[in-house]
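Colleague: The structure under discussion is supplied below as structure tokens; questions concerning it will follow.
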Amino acid sequence: MIQFTLQMIMCVFCTFHVLFLFRCNAALSWFRSSLHGRSQYVRRGMQKSSVMHPPCGVPQGSVLGPILFIMYTADLVSVVEQHGCCPHPYADDTQVYGFSRPQATRDLQQRLSACIDDVYSWMQSNRLQLNASQSELLW
């Protein structure tokens, strides 16, 4: 009885594995077709720019845009949490906050400063740009 159960579990697992790989390949093909070989141009009134073939990026307004951005920036959360700070991502904006007892504000200030440095480094290594004019520190 136990042997039969194990065989059934292995059979179900193998079937799941095959279906999972098939679905992953289908999803990868969908992503690939949406991102590769794209062309774009700018149109204003009756005038049209020359056609460009962007090497990277996601078309604005696409269904994939928000999903891919979340996947692309998901590990930013762990960068912030490494400093004992709390991230709050929303769309293309991430709020980082921390709290401390009044006697530990110096430590919080140092942690936030180190966190911002690491976020900046992470963004550079991931080809993103921190918009300093829209960034602020509230104390």
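The values are calculated or read from the model by the stated rules, or taken from the named source; none is laboratory data. What you see is a predicted model; the values in this text were computed from it and never measured. Neighbour counts run over all protein chains shown; Cβ positions are idealised from the backbone, glycine included. For the accessible areas, the whole protein counts, side chains as well, though only heavy atoms, and no ligand, DNA or RNA atoms are used. Shrake-Rupley method; radii C 1.70, N 1.55, O 1.52, S 1.80 Å.
Colleague: Among the residues of region 100-118, which ones are among the β-branched types (Val, Ile, Thr) and touching a Leu at 6+ places or on another chain (Cβ under 8 Å)? Give the derivation first.
Modeller: Here is the first cut: in region 100-118, the residues among the β-branched types (Val, Ile, Thr) are 105, 116.
None - no residue of region 100-118 is among the β-branched types (Val, Ile, Thr) and touching a Leu at 6+ places or on another chain (Cβ under 8 Å), so the list stays empty.
Colleague: Of Tyr90, Tyr97, which residue is aromatic (Phe, Trp, Tyr), within 13 Å of the chain's Cα centre (by Cα) and within 21 Å of Val119 (Cα to Cα)? Walk me through it before giving the result.
Modeller: Working: Tyr97 fails: within 13 Å of the chain's Cα centre (by Cα).
Just one listed residue meets the conditions, Tyr90.
Colleague: Right, next: Ser34 is checked against (1) among the small types (Gly, Ala, Ser); (2) open to solvent by 80 Å² or more (accessible area, probe 1.4 Å); (3) touching a residue at least 12 places away in the same chain (Cβ under 8 Å) and fails just one. What number does that condition carry?
Modeller: (2)
Colleague: For region 43-58, which positions are surrounded by fewer than 10 Cβ atoms within 10 Å (Cβ to Cβ) and either in contact (Cβ under 8 Å) with a residue 12 or more places away in the chain or part of a loop (DSSP other than H, G, I, E, B) (or both)?
Modeller: Gly45, Met46, Ser50, Val51, His53, Pro55, Cys56, listed by residue number.
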